[in-house]
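The values are calculated or read from the model by the stated rules, or taken from the named source; none is laboratory data. Computed from a predicted model, the values in this text were never measured in an experiment. Note: ideal-geometry Cβ built from the backbone for every residue, glycine included; neighbour counts use all protein chains shown.
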Amino acid sequence: MTYYFDQFALNVGLGQLRHDRGSIRIEPRAFALLCYLVEHRDRVVSKRELLDTVWKGEAVTEAVLTTGLRTVRRAIGDTGREQRFIRTVHRRGYQFVAPTTEATTTVAPAGAPDTAAAVDGAGARDVIRFCRTADGARIAWAATGAGPPLVRTANWLSRLDLERAAPMFTHWFEGLTRGRRLIRYDERGYGLSDWTTGFTLDEWIGDLDAVADAAGLDRFPLLGVAQGGPLAVAYAARRPERVSRLILNAAYTRGRLARARDAAERDEAALDLKITLAGWNARNRSYLRFFGAQFFAGGPPRRWDEFTGHQRLATSAANGARFLEEQTRIDVSGLAPRVSCPTLIVHSRDDPRVPVSQATELAGLVPDSRLVLLDGRNHLLTADEPAWPRFLDELHAFLAEDEPGRG
């Protein structure tokens, strides 16, 4: 079991505590103390329970527990004064209070075939596999569900072993695997894929080629969400023999800087990038919330925090900066008219991150396309908004047109 909180990953089975900057050394007893508090974060744990469980009945005093807690707090960047992660409850004990997600994920052994993926009987565990691109990059991919395939392009900082258990993403799995086999992957530069190679459109297309080959797919429908949209458009244009249908949600042809019409809009795009990067590097919550609010404008601040915490676990600040810079300059408007497959474009009317004008531009450029506008304020659709079931209905009806007997 792995627990994720803020920028940390706590792997109980492997005895590892990781930060987005690498592994953290922590002595075994302190590690056990942290694990127990995280595992029982739904309640206050008494001092006596911690002493009896972690020190297993040894004759120790509360001073030992105090020292252990100090060690834990130092390891995760907490203090007795701030108590961002571990809260002291006077005369009762301690409680782990940071927002936490958990995942039980299996990574396939190195010798396992690259063309297979599986989910356990309860659908709670993915088998993550790896493939190689033509230029040698190692790409992590996984498949969930059973039925006709649906490939989803990688988008802003996915992480296969984390996103399945994240509350902000679980409805995507439930909805997209309804009678289908969903194939997804981590792009090079983040997640479980190689972090050492490039950040260009050609390389991203190579990543998708490798995943489709590893999954044994010759022709398939392709879904591009948000930052995965430009890649999906480019792939459909350059690989028309592979893409049977294209679905685009919250997508765009031109990044924010590429579509700026004047100096004021260019300055605004540059400022947006600077604020986001400053928040990431300095871990400034107000700056990070500025970024998170653009993805979940209709959500509470805790969802913004969850989202920005997820991205810091997915890659380094340096790689995140390179991705943002590339995405803000990307322009696939010249490729969009070459998309020859039927295309469904779905967009929220009040998307704060990508204006609806980008959806109408897409619809005007892609020849065989249809546009569906949803009532909503979120860039990434959430399970509790009316736009979500509408999106799923449109997607499944669109895909069923190619599959007699499934409509």
Study note, to complete from the structure: Given the conditions (1) in contact with a Cys (Cβ under 8 Å, 6 or more places away or on another chain); (2) part of a helix (DSSP H, G or I), every one holds for LEU288 apart from (1)
Check your understanding: Which pairs have Cβ atoms under 6 Å, sit 6 or more apart or on different chains, and link a residue in segment 253-269 that is under 28 Å from ALA237 (Cα atoms) and assigned by TED's automatic domain parsing to the domain that holds PHE290 to one that is surrounded by 19 or more Cβ atoms within 10 Å (Cβ to Cβ) and among the basic types (Lys, Arg)?
Key -> ALA269/ARG256
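Residue by residue, here is whether (1) assigned to a helix (DSSP H, G or I); (2) at pLDDT below 85 holds:
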| position | (1), (2) |
| --- | --- |
| LEU17 | no, no |
| ARG29 | yes, no |
| TYR36 | yes, no |
| ARG41 | no, no |
| THR66 | yes, no |
| ARG74 | yes, no |
| ALA110 | no, yes |
Study note, to complete from the structure: Selection over segment 300-319 where residues are within 15 Å of PRO167 (Cβ to Cβ) and either basic (Lys, Arg) or not assigned by TED's automatic domain parsing to the domain that holds ARG285 (or both) yields a count of 2
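When the residues of segment 299-313 are narrowed to those that are more than 11 Å from the chain's Cα centre (by Cα) and touching a residue at least 60 places away in the same chain (Cβ under 8 Å), which ends up surrounded by the fewest Cβ atoms within 10 Å (Cβ to Cβ)?
Taking segment 299-313 and keeping what is more than 11 Å from the chain's Cα centre (by Cα), we get 299-305.
Keeping just the survivors that are touching a residue at least 60 places away in the same chain (Cβ under 8 Å) gives 299, 302-303, 305.
Values: GLY299: 20, ARG302: 12, ARG303: 20, ASP305: 17.
Residue satisfying both the conditions and the ranking: ARG302.
Suppose the filter is farther than 24 Å from VAL233 by Cβ, at pLDDT 90 or above and over 13 Å from the mean Cα position of the chain (by Cα); does ARG178 pass it?
Criteria met by ARG178.
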Point to revise | Filtered residues of segment 333-347 (kept if in contact with a helix residue (DSSP H, G or I) (Cβ under 6 Å, 6 or more places away or on another chain) and under 22 Å from LEU381 (Cβ atoms)) | key: LEU344, ILE345, VAL346, HIS347
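Just to be sure before I move on: is ALA363 part of a helix (DSSP H, G or I) and either without any contact (Cβ under 8 Å) to a residue 60 or more places away in the chain or touching a helix residue (DSSP H, G or I) at 6+ places or on another chain (Cβ under 9 Å) (or both) in the structure I sent? Let's see the steps before the verdict.
Values: part of a helix (DSSP H, G or I): yes; either without any contact (Cβ under 8 Å) to a residue 60 or more places away in the chain or touching a helix residue (DSSP H, G or I) at 6+ places or on another chain (Cβ under 9 Å) (or both): yes.
Spelling it out, ALA363 is indeed part of a helix (DSSP H, G or I) and either without any contact (Cβ under 8 Å) to a residue 60 or more places away in the chain or touching a helix residue (DSSP H, G or I) at 6+ places or on another chain (Cβ under 9 Å) (or both).
Residue-wise test of (1) free of Cβ contacts under 8 Å to residues at least 12 places away in the same chain; (2) closer than 13 Å to LEU33 by Cα.
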site	(1), (2)
GLU58	yes, no
GLU62	no, no
THR66	yes, yes
THR79	yes, no
ARG87	yes, no
PRO99	no, no
Check your understanding: Residues in segment 199-219: is at least one farther than 21 Å from THR382 by Cβ, of a type in the set (A, V, I, L, M, F, W, C), within 15 Å of the chain's Cα centre (by Cα) and at pLDDT 95 or above?
Key -> no
Revision key, fill the gap. Within segment 136-172, residues at pLDDT below 90 and part of a helix (DSSP H, G or I) come out as LEU160, ASP161, LEU162, GLU163, THR170
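For segment 139-153: of the residues being touching a Ser or Thr at 6+ places or on another chain (Cβ under 6 Å) and either over 14 Å from ARG180 (Cα atoms) or acidic (Asp, Glu) (or both), which is surrounded by the most Cβ atoms within 10 Å (Cβ to Cβ)? Even if it seems obvious, please write down each step before you answer.
In the first step, residues of segment 139-153 are kept if they are touching a Ser or Thr at 6+ places or on another chain (Cβ under 6 Å); the result is 139-140, 144-145.
Those left that are additionally either over 14 Å from ARG180 (Cα atoms) or acidic (Asp, Glu) (or both): 139-140.
Details: ILE139: 27, ALA140: 25.
Among those that are touching a Ser or Thr at 6+ places or on another chain (Cβ under 6 Å) and either over 14 Å from ARG180 (Cα atoms) or acidic (Asp, Glu) (or both), it is ILE139.
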